[in-house]
Amino acid sequence: MKQRAITVLNAIAVFAALVLLWQIILWVFRVPSYMLPSPWAVARAVPARFPSLLNSLAITAEESAGGLAASIVVGVLVALFFAQSRWVRKMLYPYTLLLQTVPIIAIAPLILMWVGAGIPAVTLIAFIISLAPIIANTTQGLISVDENLVHLFLMHNASRAQLLFKLRLPNAVPDLFVGIRIASGIAVIGAITGELFAGSSRVGEGGLGYSILYASSQLQTDYLFALVLAATVLGFSFLFLVMFLEWYFLHRWHESARAPEAE
Amino acid sequence: MNANASAPEIEIASVTKQYGSGRAVLESIGLVVAKQEFVSLIGPSGCGKSTILKLIAGLAAPTSGTIRVDGMTPQNARETISFVFQDATLLPWRTVQQNVGLGLELEHVASDRREKEIAGLLDLVGLKHVAKSYPRELSGGMKMRVSIARALATNPRLMLLDEPFAALDEMSRDRLNEEILRLRAEQNWTAVFVTHSVSEAVFLSDRIVVLAPNPGRIHAEFRVDLPAPRTSTLRNSPEFDAIVARVSHTMRETLRQ
């Protein structure tokens, strides 16, 4: 408990120091406010533009969550398929690497062409970018089962379904969570990047990425900072939610599962 | 159970095992284990003693020769066989009682009967108080007890034990040895027990088979005529020491060849 209080105090102290440094830079170099607003101006922009800020945040959250959920479902299904044989893995695994290496910015215009600008397009981008880690980690968990455990199941004449549902799948859950943790971060990044290209300009449909673009074109730098802050909060919330679920499901039996605040 | 009363529990006839085109792991193994006999396989690393267990369990197939378990092929006899591995090999996401019930569950035993069986077994191995704990919360000795309880749950006629206590400290090992004998006296299964430890083999067995390595083959056999019930005091008796000395001497021979 005391340890935790110290950690929290440290974080607050670092935050205060950074804000102070920020203010000092403004004073010393006399930076104009459209280039770098003061911390105070950013803090004011949050309540002043709260409804639109919250709206942007909600849209980006929806897109990232949708993309992440889709990549969990699809990723686990693909991993189950990959786990069936070494041959399938050898043939198809390189394509998951492709998913990871193709720069999403390069295919964003294509998606824009196919789906049109808006929430579905951005969700699709978040999905594509977050899929690979789920596939890779879940496949690993499904195939790296202790040989003796497989023997144990065979001794009881276990069926293929029993081997999958009572051995391979539970064995893969910790790895699945590692995948989700990585994917949750990049789903948010994917959604915001996606919005820069494929965000909707319709009223009330612009997410954080779109609003950032808009705020910068209007030189509303204080609002831009507030949006960036919101994006950070969103990324963190995702990560904490995933880590909480990981802890909730694994802490009783798995060694790597630690309480969220311990990481 | 339609156990063929006259047939031996295990019949291994001129079995050879070779992986790929490499050197033989086992060569012309012939071994007969009677019903309710406790046989230990002992020998230096590389003598193929674990391989013999895998062959009896039907987890590997011999390159040549035949294996019969209660007159059947190992695969067909599986229902009557339980295997205890060197590591406890528990499912870490299951509680102790869920682990003990695994075999019954895989064999579709109804849950109310399962629960009754599990409760009885946990009582038998002294783990009632940790029924709802997870394996990571247990000591090595306790994990091994769970593993043994799980093996006993399906009511086996043949127990195959592959160095089950090798990773334990001597105290836990001795206690579990005594427990194994007590459980066998109650349930009358046949056992094939693989070990590195001569004193463990002498303490447990009716017969000890000493294997020699490269290729794995049977080097010598010893009958252990120590009276039952065997208790911890037996380990300090001169008779016990005499057999241990003889088996150890033969073990050293296998290395000198």
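The values are calculated or read from the model by the stated rules, or taken from the named source; none is laboratory data. Not measured: the values here are computed from a predicted model. FYI the Cβ positions are ideal-geometry reconstructions off the backbone, even for glycines, and counts take in every protein chain you see.
Please verify whether A:LEU219 is of a type outside the set (Phe, Trp, Tyr) and either within 14 Å of another protein chain (Cβ to nearest Cβ) or within 24 Å of the chain's Cα centre (by Cα) (or both), treating the condition exactly as stated.
For A:LEU219, the condition - of a type outside the set (Phe, Trp, Tyr) and either within 14 Å of another protein chain (Cβ to nearest Cβ) or within 24 Å of the chain's Cα centre (by Cα) (or both) - is not met.
Can you name the residue in region A:162-209 that is of a type in the set (Lys, Arg) and more than 11 Å from every other protein chain (Cβ to nearest Cβ) and, of all such residues, is nearest to A:ILE119 (Cα to Cα)?
A:ARG202
Name the pairs whose Cβ atoms lie under 8 Å apart, with the first residue in region A:34-48 and in a helix (DSSP H, G or I), the second β-branched (Val, Ile, Thr), and 6 or more positions between them or separate chains?
Pairs found: A:PRO39/A:VAL19.
Any idea how many residues of region B:31-61 are in a strand (DSSP E or B), in contact with a Ser or Thr (Cβ under 9 Å, 6 or more places away or on another chain) and under 24 Å from B:ARG256 (Cβ atoms)?
3
Do you know which residues across region B:150-161 are within 13 Å of chain A (Cβ to nearest Cβ) and either farther than 26 Å from B:SER50 by Cα or in a helix (DSSP H, G or I) (or both)?
Selection gives B:ARG150, B:ALA151, B:ALA153.
Among the residues of region B:202-221, which ones are crowded, with 20+ Cβ neighbours inside 10 Å and either within 13 Å of B:GLU37 (Cα to Cα) or without any contact (Cβ under 8 Å) to a residue 40 or more places away in the chain (or both)?
B:PHE203, B:LEU204, B:SER205, B:ILE208, B:VAL209
Exactly one condition in (1) touching a strand residue (DSSP E or B) at 6+ places or on another chain (Cβ under 9 Å); (2) more than 25 Å from B:VAL224 (Cα to Cα) is false for B:ARG113; which is it?
Evaluating B:ARG113 over (1) touching a strand residue (DSSP E or B) at 6+ places or on another chain (Cβ under 9 Å); (2) more than 25 Å from B:VAL224 (Cα to Cα) leaves (1) as the failure.
When you scan region B:62-149 for helices (runs of 4 or more DSSP H) that lie fully inside it, which ones turn up with 3 or more residues that are more than 14 Å from every other protein chain (Cβ to nearest Cβ), in contact with a Lys or Arg (Cβ under 6 Å, 6 or more places away or on another chain) and surrounded by 15 or more Cβ atoms within 10 Å (Cβ to Cβ)?
Answer list for region B:62-149: none.
What residue, among those in region B:222-245 that are out of contact with any strand residue (DSSP E or B) (no Cβ under 7 Å at 6 or more places or on another chain) and of a type in the set (D, E, K, R), is surrounded by the most Cβ atoms within 10 Å (Cβ to Cβ)?
Looking at residues that are out of contact with any strand residue (DSSP E or B) (no Cβ under 7 Å at 6 or more places or on another chain) and of a type in the set (D, E, K, R), I get B:ARG230.
One line per residue, one yes/no per condition, for (1) part of a helix (DSSP H, G or I); (2) modelled with pLDDT under 90; (3) surrounded by 14 or more Cβ atoms within 10 Å (Cβ to Cβ):
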| position | (1), (2), (3) |
| --- | --- |
| A:ASP222 | yes, no, yes |
| A:LEU227 | yes, no, yes |
| A:ALA231 | yes, no, yes |
| A:PHE236 | yes, no, no |
| A:LEU245 | yes, no, yes |
| A:GLU255 | no, yes, no |
| A:ARG258 | no, yes, yes |
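Which of the residues that make up region B:86-100 are within 20 Å of the chain's Cα centre (by Cα) and either among the polar types (S, T, N, Q) or modelled with pLDDT under 95 (or both)?
B:GLN86, B:ASP87, B:ALA88, B:THR89, B:ASN99
May I ask you to list pairs of residues, at least six apart or on different chains, whose Cβ atoms are under 8 Å apart, with the first in region A:227-239 being touching a residue at least 12 places away in the same chain (Cβ under 8 Å) and the second being of a type in the set (D, E, K, R) and crowded, with 17+ Cβ neighbours inside 10 Å?
Once the first residue is touching a residue at least 12 places away in the same chain (Cβ under 8 Å) and sits in region A:227-239, its partners that are of a type in the set (D, E, K, R) and crowded, with 17+ Cβ neighbours inside 10 Å give A:LEU239/A:ARG181.
Condition test on B:ARG136, is it at pLDDT 90 or above, within 18 Å of A:ASN171 (Cα to Cα) and touching an Asp or Glu at 6+ places or on another chain (Cβ under 8 Å)?
Taking the combined requirement at face value, the residue satisfies it.
Here are A:ALA48, A:ALA58: which of them is under 24 Å from A:VAL242 (Cβ atoms) and of a type in the set (A, V, I, L, M)?
A:ALA58
If I ask for residues that are over 16 Å from A:HIS254 (Cβ atoms), surrounded by 16 or more Cβ atoms within 10 Å (Cβ to Cβ) and within 7 Å of chain B (Cβ to nearest Cβ), which ones from region A:141-161 would you list?
Answer for region A:141-161, where residues must be over 16 Å from A:HIS254 (Cβ atoms), surrounded by 16 or more Cβ atoms within 10 Å (Cβ to Cβ) and within 7 Å of chain B (Cβ to nearest Cβ): A:ASN148, A:HIS151, A:LEU152, A:PHE153, A:LEU154, A:MET155, A:HIS156, A:ALA158.
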